[in-house]
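Encoded as structure tokens, the structure appears first; notes follow it.
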Amino acid sequence: MKDSYITFFRRFWIVVIIGFILYNIIFPETFSRDNIVNSIQSYGNYGWAIFALCHLIRGFVMLPSTALIFAGVFLFPNDLFLVLIISVIGIVISSMIVYYFSDKLGFAKLFDKNTKASNLVKEKLSGKYGPLFIMFWAFFPFVPTDLICYTAGAMKINPIVFAVSLFIGELILCSVYIYGSAYFI
């Protein structure tokens, strides 16, 4: 009974992720900065709560946080530090949820195979410079942070080391996004 529940949950999760990715490809304007701003503004005084909630759930559907961060800059241009704090904390919490769910979704099986790619990833994450690897991955804007979360969770990387490394990398990246974009606005 438990195995059938896990199998169902795993398949459901994969279908949801693929569905959101396809929806984002077919209708990219839905998750654009402007649409996010308009959606959050429509909730009036609850804007901050909606903004924080969006950061918390974005990891479940593998949506990049970049558009959400820029939306926060446009929504709350006088509170950039709060945008930074909510963004980074939301990303880390969302990422840690993804980290803990990765094993339930069967990602550990990918690293049970003894392939060159899986061995390289294991070596980088588990090695002496693993935290730096995670920080740079989180900082590098052209790779999805959720991918490192699934990978680290599947490999059972120390969750505290992972969370701190992710926090530092995302703090740097979000600071550049928020204060850099505010400069241009």
### Message
Here is a check on your reading of the model: is PHE20 open to solvent by less than 70 Å² (accessible area, probe 1.4 Å) and either without any contact (Cβ under 8 Å) to a residue 12 or more places away in the chain or within 17 Å of the chain's Cα centre (by Cα) (or both)?
### Response
no
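From the set of residues in region 112-121 that are at pLDDT below 75 and in a helix (DSSP H, G or I), which is nearest to GLU170 (Cα to Cα)?
Looking at the filtered set, the residue picked out is VAL121.
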### Query
GLY169 passes all but one of (1) touching a residue at least 60 places away in the same chain (Cβ under 8 Å); (2) of a type outside the set (Asp, Glu); (3) surrounded by 20 or more Cβ atoms within 10 Å (Cβ to Cβ); which number fails?
(1)
### Query
Could you give every pair whose Cβ atoms fall below 6 Å, whose first residue belongs to region 38-50 and is open to solvent by less than 90 Å² (accessible area, probe 1.4 Å), and whose second residue is part of a loop (DSSP other than H, G, I, E, B) and of a type outside the set (A, V, I, L, M, F, W, C), counting only separations of at least 6 or pairs across chains?
ILE50/TYR43
### Task
Only residues that are crowded, with 23+ Cβ neighbours inside 10 Å and either at pLDDT below 80 or part of a loop (DSSP other than H, G, I, E, B) (or both): list them for region 62-111, please.
SER65
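The values are calculated or read from the model by the stated rules, or taken from the named source; none is laboratory data. Computed from a predicted model, the values in this text were never measured in an experiment. Note that we place each Cβ from the backbone using ideal geometry, even for glycine, and neighbour counts take in every protein chain shown. We work out accessible area using only protein heavy atoms, side chains counted, and drop any ligands, DNA or RNA first. Shrake-Rupley method; radii C 1.70, N 1.55, O 1.52, S 1.80 Å.
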